[in-house]
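As structure tokens, the structure follows; a few thoughts come after it.
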């Protein structure tokens, strides 16, 4: 069991223990496949060392999507790398490989521009501009079917509009920056695969 | 047969490249502008047969474009708006200002071609 600490619980905090157990059960029911790495990442994210479950309220502390992103990230670390199917995009390009190559180049440029802009907007805590930068890149991410990056950007926009927590947004941007090289590699592989076929 | 002239106002280069290509393949003479200033300059001298415009554009938004075309230029040229998903309020405002149709991002080029042809048929 990941969530139970070995601390002694005396009579005075029996009520606290019951609450903690209830929250643990709630957490595990909601995310049955959450692994240790992901759990640790959540703790890291909230800088809540110690018994985080005392404070844990799933709906308010962390959106389920965040956990799925983290979960996906943890699972990817274990085995697979990002995979992208460019055949649908090529269909939209009417089979023109040169156009597809151009779109990939523009896409990579847009991602790099977003990463740079995000860094600046995070530093100045300009969430409106960060939201706008995320909005601008979203259509391209959807168009190129890079779902992992799209999920992160949707969360960034949500974070900019709702809680405006700099730590949370920094974390999400870090996720984007870490995911991008994998996506870029996957795009290159998918393009080579199409060229060979 | 002369080609129908289409003004594509879209600041997202990625989307614009794809749409430009598909619209040209679809038989249209496409003029692409990436910002509102260019759009305004173009419209002050030329009137296309149809306009396809993103709502969020630098310098001159899609909303301003619709108002400019309908009120200042007094033109009823068909205008199709490209909007982001979940931006229903903007779409409603666009219709109130005089937009003829809208299409949500991510834009399917085939769907846009159908919508463009449908609007041109109405003229």
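Bear in mind that the values in this text are calculations on the coordinates, not laboratory data. None of the values given here were measured: they were computed from a predicted structure. FYI the Cβ positions are ideal-geometry reconstructions off the backbone, even for glycines, and counts take in every protein chain you see.
Distance between the pseudo-spin-label points of residue B:47 and residue B:11 (7 Å out from Cα toward the beta carbon): 2.8 nm. A Förster radius of 22 Å combined with the Cβ-Cβ distance from residue A:113 to residue A:185 puts the calculated FRET efficiency at roughly 0.70. Where only DSSP H runs of four or more residues are counted, chain B gives -13000 deg cm²/dmol as its mean residue ellipticity at 222 nm, each run worth -39500 (n - 2.57). Taking 7 Å steps out from each Cα toward its Cβ at residue A:178 and residue A:165 produces label points 1.7 nm apart. Full extension of the chain segment joining residue A:83 with residue A:145 gains 21.3 nm, where the gain is 0.36 nm per residue of separation less the Cα-Cα distance. When you restrict to C-alpha pairs under 8 Å that are six or more residues apart and normalise by the size of the range A:99-197, the relative contact order lands at 28 percent. The tail of the calculated P(r) for chain B beyond 20 Å holds 34 percent of all Cα-Cα pairs. Per-residue mean of foreign Cβ neighbours for B:6-15 is 4 (Cβ atoms of other chains, 10 Å radius).
Other protein chain C-beta atoms within 10 Å of residue C-beta, averaged over B:107-115: 1.
Relative contact order of the range B:5-121: 24 percent, from C-alpha pairs under 8 Å at least 6 residues apart in sequence.
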